[in-house]
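Engineer: The following block contains the structure, expressed as structure tokens.
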Amino acid sequence: MCTVFWDRQGVLLVEFLPQGRKINSTVYCEMLKKLRHAIQNKRRGMLSATILSLHDNARLHSAAQTQDLITSFRWEQMDHSLYSPDLAPSDFHLFLHLKKFLGSKRFDGDDDLKGAVQKRLTLQVAAFYEEGKQKLVPYYNKCLNNGGEYV
């Protein structure tokens with residue numbers, strides 16, 4: 001499993017979960033700690049501003065341990081409507097393009113695949129990530145105008 005944290009400027013952190021290992025709130029909190037460190041290194045001064053994160057309502061995102069950590073970081077969260085994949089920029093933008101890129105390729109093993117994913121994500125220009133965040137606005141408005149229902 002590949003988890004990607006990104007903002008309008010590009011990728012902040014890519015994490016690959018070892019095959020067979022399940023993600024839970026403890027694993028996710030470790031990723032969030034790595035993300036915080038990546039923000040410190042890649043986006044100097046950003047941690048002194050408000051960090052707004054978009055999480056879906058998966059159990060590991062809403063778990064008390066996760067919420068406590070996010071609160072301790074003083075990050076804000078943007079609400080995500082139930083069962084609305086339209087509001088997940090990684091699904092409708094990032095992974096859509098990544099899937100197209102990987103679809104015609106063959107890899108000798110997991111490490112080759114991971115390397116190709118990492119390289120592709122880091123070589124995308126900032127405008128690609130900005131476009132993904134901008135696409136969220138009309139999707140989110142559509143959902144809000146529909147009473148929070150699936151769009």
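The values are calculated or read from the model by the stated rules, or taken from the named source; none is laboratory data. Given the structure is predicted, the values throughout are model-derived calculations rather than measurements. Positions of Cβ are backbone-derived with ideal geometry, glycine not excepted, and every protein chain shown enters the neighbour counts.
Engineer: Just to be sure I understand the filter: pairs with C-beta atoms under 6 Å, separated by 6 or more residues or on different chains, first member in the stretch 1-23 and free of Cβ contacts under 8 Å to residues at least 40 places away in the same chain, second member surrounded by fewer than 13 Cβ atoms within 10 Å (Cβ to Cβ) and part of a loop (DSSP other than H, G, I, E, B). Which pairs pass?
Structural biologist: Filtered contacts from the stretch 1-23: Leu17/Met1.
Engineer: Is it the case, given these coordinates, that Ala64 is loosely packed, with under 14 Cβ neighbours inside 10 Å, more than 25 Å from Glu131 (Cα to Cα) and among the hydrophobic types (A, V, I, L, M, F, W, C)? Step through it out loud before you land on a result.
Structural biologist: Values: loosely packed, with under 14 Cβ neighbours inside 10 Å: yes; more than 25 Å from Glu131 (Cα to Cα): yes; among the hydrophobic types (A, V, I, L, M, F, W, C): yes.
When the stated conditions are applied, Ala64 passes them.
Engineer: Now, a different point. Counting only residues that are part of a loop (DSSP other than H, G, I, E, B) and either loosely packed, with under 13 Cβ neighbours inside 10 Å or modelled with pLDDT of 75 or more (or both), how many does the stretch 71-103 have? Break it down into steps so the answer makes sense when it comes.
Structural biologist: Within the stretch 71-103, the first condition is being part of a loop (DSSP other than H, G, I, E, B), and the residues that meet it are 74-75, 79-84, 88.
Going one step further and asking which of them are either loosely packed, with under 13 Cβ neighbours inside 10 Å or modelled with pLDDT of 75 or more (or both), we end up with 74-75, 79, 82-83.
Within the stretch 71-103, residues that are part of a loop (DSSP other than H, G, I, E, B) and either loosely packed, with under 13 Cβ neighbours inside 10 Å or modelled with pLDDT of 75 or more (or both) number 5.
Engineer: Follow-up question, since we're still on this one. Pull out all pairs, ordered by first then second residue, where Cβ-Cβ is under 7 Å, the residues are six or more apart or on different chains, the first lies in the stretch 39-57 and is at pLDDT below 90, and the second is part of a loop (DSSP other than H, G, I, E, B).
Structural biologist: That search, which allows pairs on different chains as well, returns Ile51/Trp75; Ser53/Trp75; Leu54/His80; His55/His80; Asp56/His80; Asp56/Ala88; Asn57/His80; Asn57/Leu82.
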